[in-house]
Every structure is written in C-alpha cells, then in structure tokens.
Amino acid sequence: MTRAVGVMERFCFDALRVNRLEILVDVDNNKSQAVAQRAGYMREGVLRQSMLLHGVPRDMIMFSKIKSEFGKGK
C-alpha cells in the first residue's frame, strides 16, 4: 500500500502540480496510520466527529505532505 501512495503522490505532485496532499484515517485504523507515516506524511491532528461511518460520527486523523517534502521519508 505504501508503494501505491507513492505512485499517487508522483501523479499529483508532478502531473497535477498540487502543493499539498492529505490523508484522513479513522482513529481506530492503525494499519492505515502506519502506511501514512511510512510514506512520510505528517500527523496534523484529530478532526473530531468529522466523518459518518454507518451513520455514526467518527473521529479522523489528518496526515499531510507538501510538495517540498516529496521523495523524503520513504
């Protein structure tokens, strides 16, 4: 999965010329949090009750990476 994140980053930063990417992960999804961290994303904080899962509000963790960090932390 970390490799797939890298492919997506390359496309977004190079082809689409975006400056910032974000990953939102459920607070209980430890595997996805680990993928974001292995890919070099910085944890920014918790977005309280920002998503609904089966009608139940869930806290999400936001991770981000900016273009100047691309290629680092892999």
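The values are calculated or read from the model by the stated rules, or taken from the named source; none is laboratory data. In this text, all values refer to a predicted model and were calculated from it rather than measured experimentally. Virtual Cβ from ideal backbone geometry, glycine too; neighbours counted across all protein chains shown. Just the protein is used for accessible areas: all its heavy atoms, side chains included, with ligands, DNA and RNA removed. Shrake-Rupley method; radii C 1.70, N 1.55, O 1.52, S 1.80 Å.
Backbone N atoms of the range 34-49 closer than 12 Å to the 7 Å Cα→Cβ label point of Arg58 belong to residues 49. Relative contact order of the chain, taken over Cα pairs closer than 8 Å and 6 or more residues apart, is 35 percent. Entry note, the chain: the mean residue ellipticity at 222 nm calculated from DSSP H runs of n ≥ 4, each adding -39500 (n - 2.57), is -7000 deg cm²/dmol after division by the residues and rounding to the nearest 500. Averaged over its residues, the chain has an accessible area of 70 Å² per residue, based on protein heavy atoms and a 1.4 Å probe.
Remark: the Lys67-Asp26 segment gains 12.3 nm on full extension, using 0.36 nm per residue and subtracting the alpha carbon distance. Stokes-Einstein diffusion for the chain, with the hydrodynamic radius set to the Kirkwood value over Cα pairs and evaluated at 25 °C in a medium of 0.890 mPa s, equals 191 µm²/s.
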